[in-house]
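Asks: Here's a structure for you.
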Amino acid sequence: MTGEDRPPLLEATHLTMRFGGVVAVNSVNFRLAEVELRCLIGPNGAGKSTFFKCLTGQYQPSAGTVKFRGRDITGAAPHQIARLGVGIKTQIPNVFNGLDVHENVRLAAARGVKTRRMIDRTIAEVMDRVGIGDLSSRIVGTLAHGQRQLVELAIVLAGEPAIMLLDEPSAGMTNEETARAAAILREINRTTALIVVEHDMQFVKMIAHTITVFHQGAILMEGPVAAVMADPTVRDVYLGRRAA
Amino acid sequence: MNVNRREFITSAGGAAAAAAAAAMFPVAAEAAGEILIGGLHDETGGLDFAGKPMQQMLRFAVGELNENGGLLGKKVRAVTADTGSNMQLYQTLAEQMALRDKVNVVEGGITSASREVIRPVLRRYHVLYFYNTLYEGGVCDRNCFCTGTTPAQTVEKLVPYVMKKWGKKVYTLAADYNYGQITAAWVKKYVEANGGKVLSTDFFPLDVTNFGPTIEKIQSAKPDLIMSVLVGAAHLGFYRQWASAGMKHKIPMASTTFGAGGTEPILITPEEGNGIITCYGYYPTIDTPANKAFIAKIQSKLGEYFDGTMPLLTELSECTYEGVMMYAAGVKKAGTVDRMKVIEALESGMSFEFPAGKVTIDPKTHHCIRNVYLADLENRKFIILEQFDQQPPSDTQAVCNLEKHPDSNIQYQIKL
Amino acid sequence: MAYALVILIEIVRAVAGLVLISTGLMVIFGMMRVINIAHGEFMMLGGYTVVIAGKAGVNPWVSMLVLAPLIVGLFGVVAERLFIRFFYGRMIDTLLATWGLSLFLIGFVTVVFGNTVAGVSVSLGSVQIGGFRVSGYAFFLIAVAAVLLVATYGVLRHTRWGLIARGTMQNANMAAALGVSPSLVYMTTFGIGSALTGLAGALLSPITGVVPTMGIAFVARAFITVIIGGPAIIMGTISAASLLGTVSQLMTFATTPVVGDVALLFVAVVLLRILPQGITGKLFRRSI
Amino acid sequence: MDRSARAGTIATLLIGLLITFGLPAYADPFQVMQMTLYVVLAIFALSLAFIWGVGGILCFGQGVFFGLGGYTFAICAINFGGSTGAFLMALLIPAAVAAALGYFMFYGRLNDVYLGVVTMVFSLIIWKLINSTAGPEWHIGAARLGGFNGIPSIPPLNWPGRPADALDPLQVFQIAMGLLVIVYLAMKLIKGSRYGRVAIAVRENETRAALLGYDVPFVKLVVFTFGGLVAGMAGALYAANQAFIDPNVFSLEMSAKVLVWVMAGGLSTFVGPIIATIGLQYVALFLADHKLMNSQLVLGAILCVLVLSLPNGIIPALQDAAAWLFGRTRLALAGRAPAAARKTAL
């Protein structure tokens, strides 16, 4: 079952992003239900990351609209969108390298009007959920790539978003880190909707119910994992290319 | 120090506060058995070309005093500091001379800006002050003597002369600070008084170097002559560009500033500089025994005071010599270095024979009644054209009367 | 009528002036993303080269067109090797470092040559236009600026070095890909940029006179022209110089030099706000 | 702030108080005035240390706000006849200008070099304008702007409401010291506060801060405005203490100086810039007084050496050395500041 029969949490209509002559995202229609988990796949340059940047306000879309819980957020500033409960984990870990892990998470948790106790609780539970409690006092800049990925995950979580956009969360992770990440995501998904851009098909299989395939800035197809995996066109544009 | 806190708090006004400070640290250094003559000049920085000779001349003058047995049987010592063409240093070093070195008198300050920085300081700490530069006039302060010429003495002579020579339509170029502004106003006054017309007065900040547009503007205005009140290094560019535009022989030029500091004739080629007419209180080419002797004496002391080379002899440096000599005369007459007594002595209408000619201190204004000379620059030498004896500083006299108001302490903006 | 023509000439002269003072900086910035705040002092060194050579009896034209670029270029190479190269990729550090260099050079030259103006006199006679005379030197400057642009264009377009240069501008590893050590490219670029700067300083010294602090008058303008120009070296310089030169000169004619300068700066700031990537960051993308 | 940091702060305060009341007893008025000048410049340095070290904003025209403070004080003091109102105005005007300029820059998403250029150009504009106000037509109320000559004989500070009672040099010194301590404390508190952490976050990584829901331009704007206010305060004290002010306060050299002081002192601390300012200013005056060496040459050399070898500044370097000696590591949050502060501007 896809999210269609539930009220949409996030809805993009004819979303388009042009750079000069290039059309990175081409009139994309996309709906996501509350607490849904969706995987975006597609070859490099298919427009997945650009799509994310349009959703989070880092880019002003050239055309189309984005609605969050029915509210139009097209062209709103990133911080405004974030405050509504849209969290994003970018492709290259986007963290405060100069600060220690605890500071990083605190910054995320402390946003808005909260008492010290609420904040401390959030921090503690997030650290433990992601399992980076032992890194608490390490300077993030000095951590390994995989660990930084987890830290960023924690940062996004600490913002207590209603939806998380994750751009290649498993990149640069060891197998057992990947497994952990998958577990964490499934667990997060109980309360939070997720959109995950991922290349690693194993990882996708571990978490996804529904997959959306991007190709040349447009949606090629959308459907249950098995169906998509089986589809020949998808094989050509994506898996095939990947095998070659 | 804390003992004097109460005294401080009850004191009214910064002056009084400082007076208290001064009281704690008596300025008169008679005890030291030496008389200290302070010199504040820019030996480095943008004005070093003017400051160096003034400083050297000050030491030279002090040396001459000691040769003649010092003052009141005491040795005279020159205390000089380099103000580096930096206003903040003027402030600092003036305080230093007054409070730390405790000099009896300060000679110096070059630009009007620097004078207005140190004049209040020296007045506050009761240190007599001599300002030895030609300037725009109007300073009215009993603690300050101005030996240089003012516009009423020079411009008043220069303008009619060149207008008779060249014509009645004048185009003025002036440096954009108070000397330039005020002098330009005087030029206008005298031009109109002589039935002429100032077509335009353009002001230039001291860092302007490109005069292309101006030169075209002048040509389109077609004046009979140009009056230059340009000042400083950057503005030299005008004389070069003027010449290279081939205007030199089309429109003649007079100036109230060219060569005042002495460097322009050296930096500008004869082709660029010849024929510029100026008017100052002193030229090295003054043909009197006194001046010849003065120059001869300097030549004999080159190694001692002038690091081997002939200093730039200008109104600035010659007046610095005068400044020191006047103070010495004042002290001799008063028989003490007590500031007020010396001032009173100097106010008794003293008169001197200096290389520049006869100089008399005007008690009303603390400015000087002196000869001024008109000269034409030919191949880097000033050929004296005319001499005007005993010109009063009538501009300052019009606004300032220290006999009536001994406490006045301002620079008047003379209404024209 | 003649007056209008004269004004036009003055405008072109101003534009040429901006081109002269900013080309060197542009080459360095365009290729290395290094903003050299000591730019003005490099010009000053060019000026002093002429003065000193003049004292030594060298023909001013030779020292302006040959010696100054040569010597300042060499100085640039040395500076790059000993100092600047340690800051590549750290833009702000580079700014601070070159600012330090700038202050140092001013101080150093002041100590050695003193702070008095040294004049350079070269006259090219003057040209009669209607009732006006315009200095021949103005035309000379305009010509040099034009030649400079054409030459730079030729080099970038048709020489191997130009190819490497353009490559490096696109992508720093390109040079390596073409089998040239980037450090060599950088050294050469900085040298050439410095040489152009020295030339500019030398050519302007007859107009401005030579003082240790003369650079300050230029650096801001050059700086702005480069930033406003944007990534494309030739097109950027031309467009920015034309725009700023015209604005400032018209204002100068209409009012005073101060207003002219202020207008130039003001336009620059506003432009930056509208086109943060500079003119060629938006327009003429494809040009060099 | 952790315990060691708090201890450091308290120690600094005690020393400050000691100097305020102890030292003058051993100094003559001239030295007191000199010390006042140093203190004033230290406050100026703090203003840049704050916006650069905490906010990661590298301002090449900090002199503008210092100068505006000075001129505002001069003009108001001459017109009001008392110093109290003038002093307040000298805080407000620079802050307002900083806010306006900041809005223009930060909401225009200007960064790194462009930020530097705009601030530098802005100071040039002001400098040129103020330089061309020599004519008598340029005055505000009774105060002539004076152009190149600046404004002489500015009224001294006086007791609030009692214009007649001018403060003596010693009292001015103590007030300056008091303000220095207050500014220092305020900055410490802000830096340690939740807001300070956010500012640091923005400095570290604007995108991430925004994606976490922080209003980046606004955060920067507030930091920049506060910096402008503090610089203005320093300028006002400067004008009052010198009794005169001229356009040089707007010159690039002024802004360069303060940059050098802050760099030398290090971006990670506030004590560093204070010490560096006083030290370097003393050196400069000493050189000028003894005609030993050209001060610009020295300034430049120092700047070069700093960027080359001690990008974190002298004082932190010493701290590191000490920490290494006693085997203690410094507070990481602070320790990383300088490198990061400049990185964000890449």
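Asks: Would you mind checking B:164/B:250; B:165/B:248; A:89/A:114 for any pair whose Cα atoms are more than 19 angstrom apart?
Replies: Violating the 19 Å limit, Cα to Cα: A:89/A:114.
Asks: For a quick check: with amide H placed at 1.01 Å from N, whose amide H comes under 5 Å from residue B:412's, ignoring anything fewer than 5 positions away on the same chain?
Replies: Residues meeting the criterion, in which the H sits 1.01 Å from N, are B:139, B:140.
Asks: Give me the Debye-computed log₁₀ of I(q)/I(0) at q = 0.10, 0.17 Å⁻¹ for the range B:151-280, equal point scatterers on Cα only, no solvent, two decimals.
Replies: -0.26, -0.82
Asks: While we're on this one: Pairwise over distinct Cα atoms, reciprocal of the mean inverse distance: report the Kirkwood radius of chain C in Å, one decimal place.
Replies: 19.3 Å
Asks: Moving on to the next point. Restricting to bridges with both residues inside chain A, how much of the DSSP beta-bridge set is antiparallel, in percent to the nearest 5?
Replies: 55 percent
Asks: What aspartates and glutamates could a cross-link reach from residue B:197, if we take a straight Cα to Cα line under 16 Å and drop same-chain neighbours fewer than 8 places away?
Replies: Within the straight-line limit of under 16 Å, residue B:197 reaches these aspartates and glutamates: B:156, B:224.
Asks: Further, regarding this structure: Taking beta carbons within 10 Å but only from partner chains, what does the mean come to for residues A:55-65?
Replies: Per residue, the average neighbour count from other chains is 1.
Asks: Something else now. Aspartates and glutamates within cross-link reach of residue B:358: Cα-Cα under 12 Å, excluding same-chain residues under 8 positions apart?
Replies: Answer for residue B:358, where 12 Å is the Cα cut-off: B:322, B:389, listed by chain and number.
Asks: Determine one quarter of the surface area of the Cα convex hull of the range A:96-160, which equals its mean projected area, and express it in nm² to one decimal.
Replies: So the mean shadow area of the Cα hull is 3.8 nm².
Asks: If amide H atoms are built 1.01 Å from N in the plane of the peptide, which residues on other chains or at least 5 residues away come under 5 Å of the amide H of residue D:245?
Replies: Amide H neighbours of residue D:245, under 5 Å, 5+ apart: D:151.
Asks: Moving on to the next point. Quick one, what does Rg over Rh come out to for the range D:130-289 if you take C-alpha atoms and the Kirkwood Rh?
Replies: On the Cα set of the range D:130-289, Rg over Rh gives 1.03.
Asks: Looking only at other chains, what is the average number of their beta-carbon atoms within 10 angstrom of each beta-carbon in C:251-260?
Replies: 5
Asks: Along each of its three principal axes, how wide is the spread of alpha-carbon positions in the range A:37-154, in whole angstrom units, largest first?
Replies: 44, 36, 27
Asks: Distance from the Cα centre of the range D:204-282 to that of the range B:120-135, in angstrom?
Replies: When both Cα centres are located, 36 Å separates them.
Asks: Cβ neighbours within 10 Å, averaged per peptide: list C:192-201, C:210-219, B:324-333 in order, most packed at the top.
Replies: Listed from highest to lowest mean packing, they are C:192-201, C:210-219, B:324-333.
Asks: Would you kindly derive the ³J(HN,Hα) couplings of the range B:360-376 from the backbone phi angles with the Karplus curve 6.51 cos²θ - 1.76 cosθ + 1.60 (θ = phi - 60°), listing them in order in whole Hz, with x for Gly and Pro?
Replies: Couplings: 10, 7, 8, x, 5, 10, 6, 9, 10, 8, 8, 6, 10, 10, 9, 9, 10 Hz.
Asks: Kindly point out which whole DSSP H helices in chain B project their C-alpha atoms 15 angstrom or further along the helix axis while averaging a Kyte-Doolittle hydropathy of -0.5 or above.
Replies: Qualifying helices, which must be both long enough and hydrophobic enough, are B:13-24, B:48-67, B:112-124, B:151-166, B:178-193, B:289-300, B:315-334.
Asks: Going by amide H atoms built from the backbone, whose H comes under 5 Å of the H on residue A:166, apart from near neighbours?
Replies: A:89, A:195, A:196, A:197
Asks: Pull up the DSSP beta bridges for the protein assembly as shown and report the antiparallel fraction as a percent, rounded to 5.
Replies: Antiparallel: roughly 50 percent of the beta bridges in the protein assembly as shown.
Asks: Just C:242, C:22, C:183 to compare: in a GNM of chain C, with alpha carbon springs under 10 Å, which one fluctuates most?
Replies: C:183
Asks: Follow-up. Suppose R0 equals 25 Å; then what is the FRET efficiency for residue B:287 and residue B:350 from their Cβ-Cβ distance, rounded to the nearest 0.05?
Replies: Efficiency computed from Cβ-Cβ geometry: 0.45.
Asks: Highest GNM mean-square fluctuation, chain D, Cα pairs closer than 10 Å: which of D:160, D:169, D:273?
Replies: Most flexible of the set in this elastic network: D:160.
Asks: Hey, what do the phi angles of the range A:114-128 turn into as Karplus ³J(HN,Hα) couplings, whole Hz, using 6.51/-1.76/1.60 and θ = phi - 60°, x for Gly and Pro?
Replies: In residue order, the calculated couplings are 9, 7, 4, 5, 3, 4, 4, 4, 3, 3, 4, 5, 5, 3, 6 Hz.
Asks: Taking springs between alpha-carbon atoms closer than 10 angstrom, which of B:360, B:147, B:309 fluctuates most in the Gaussian network model of chain B?
Replies: It is B:309.
Asks: Next question. So how strong a dipole does the range A:96-160 carry about its Cα centre when Lys and Arg Cβ are +1 and Asp and Glu Cβ are -1, to the nearest 20 debye?
Replies: Computed charge dipole of the range A:96-160: roughly 220 debye.
Asks: Sticking with this one: Which percent, to the nearest 5, of DSSP beta bridges fully inside chain B are antiparallel?
Replies: Here the antiparallel bridges make up roughly 40 percent for chain B.
Asks: Pull up the cross-link candidates among the lysines for residue D:191, meaning alpha carbon to alpha carbon under 17 Å and not fewer than 8 places away within one chain.
Replies: D:220
Asks: A further question follows. Please report the relative contact order for chain A, taking Cα pairs under 8 Å with a sequence separation of at least 6, and give it as a percent rounded to a whole number.
Replies: Across chain A, relative contact order equals 26 percent.
Asks: Hey, what did chain D get for relative contact order, percent, Cα under 8 Å, at least 6 apart?
Replies: 31 percent
Asks: Distance check, please: which entries in A:48/A:205; B:157/B:404; C:55/D:257; B:301/B:333; B:52/B:157 exceed 24 angstrom between their Cα atoms?
Replies: Checking Cα-Cα distances, B:157/B:404; C:55/D:257; B:301/B:333; B:52/B:157 exceed 24 Å.
Asks: Okay, moving on. Between residue D:193 and residue A:124, what is the label-point separation in nm under the 7 Å Cα-to-beta-carbon projection?
Replies: Label-label distance for residue A:124 and residue D:193, simple model: 2.8 nm.
Asks: Taking each residue of B:87-100 in turn, how many C-beta atoms of other protein chains fall within 10 Å of its C-beta, and what is the average?
Replies: Average per residue, whole number: 5.
Asks: Identify unpaired cysteines across the protein assembly as shown, taking unpaired to mean no other cysteine Cβ lies under 4.7 Å from the residue's Cβ.
Replies: Singleton cysteines: A:39, A:54, B:144, B:146, B:279, B:319, B:368, D:59, D:76, D:304.
Values quoted throughout were computed directly from the atomic coordinates according to the rules given, and no laboratory measurement underlies them. Everything numeric in this text was worked out from a predicted model, so none of it was measured. Quick reminder, even Gly has a Cβ in these numbers, built from the backbone with ideal geometry, and neighbours come from all protein chains shown.
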